[in-house]
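Colleague: Sending over a structure as structure tokens; questions will come in a sec.
Taken together, the values in this text are just the output of simple stated rules run on the coordinates, not laboratory data. In this text, all values refer to a predicted model and were calculated from it rather than measured experimentally. Note: ideal-geometry Cβ built from the backbone for every residue, glycine included; neighbour counts use all protein chains shown.
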Amino acid sequence: MKKNTIKAFTLVEMLIVIVIIGILIAALMPRMQAAQWRARDVSRKTALSQIQTAIVTYQWDKWEWPGMSWGTATGWMAVTGISAELITAWMNSVPSDPISSNTVEIWSNGEVEAWQYWYLVMKRNWTKNGWFALIAHTEVEWWSNRVVCSGATSIDKGLLKNDNDINQVQLCTSFKFNKGGSDCETTGWNCTYNSESELRYLTVY
């Protein structure tokens, strides 16, 4: 009498398949994560372009920058969101950072919080309040052009203030990662950073 036999994977074969799948997932995860970082940085760069257009439109219409109060002695308002003012500049909605709900705020003291768009009115050639800068956090070097060192105290460390001349702002063309080091700097075009949290994308107008 002929016996019917069922062909099936043995336990050892199943374990080998599971291990191979695990190795493939472990190899692909960093690449997938890096692609997500790059996609979010592209979104941030696009958002800054949209915000820049709205700010310029607002200035053309109002003859002042959003967040500026020309009736005060300093010509500067307290740190506040400017979303409502940008909406009046034909902006349907103000973009927020891809991993947070933060939109854009005035940046006057050099401090830039995580995952937030910041806007700073600056001077050029000794003319105050004539130009502005926008900045966002970035996650990869590829979409970054500036470093803001942790605890920065000078423009060479990435710190910017309202009274800085926009001509002094240097953008990075190359980066060096020095994890745990102490030489984070933006001096020259070759920037050194100690943590990915110090990477930024800066645009000036």
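Colleague: Give me the percent relative contact order of segment 11-204, please, defined on Cα pairs under 8 angstrom at least 6 residues apart.
Modeller: Normalised by residue count, the contact order of segment 11-204 is 17 percent.
Colleague: Here's something else I'd like to know. Rounded, prolate or oblate: pick one for segment 137-197, where a ≥ b ≥ c are the square roots of the eigenvalues of its C-alpha gyration tensor, a/c under 1.5 means rounded, and failing that, prolate if a/b is larger than b/c, else oblate.
Modeller: Prolate, because a/c is 1.5 or more and a/b exceeds b/c.
Colleague: So, by mean Cβ neighbours within 10 angstrom, what's the order for 48-57, 192-201 with the highest one leading?
Modeller: 192-201, 48-57
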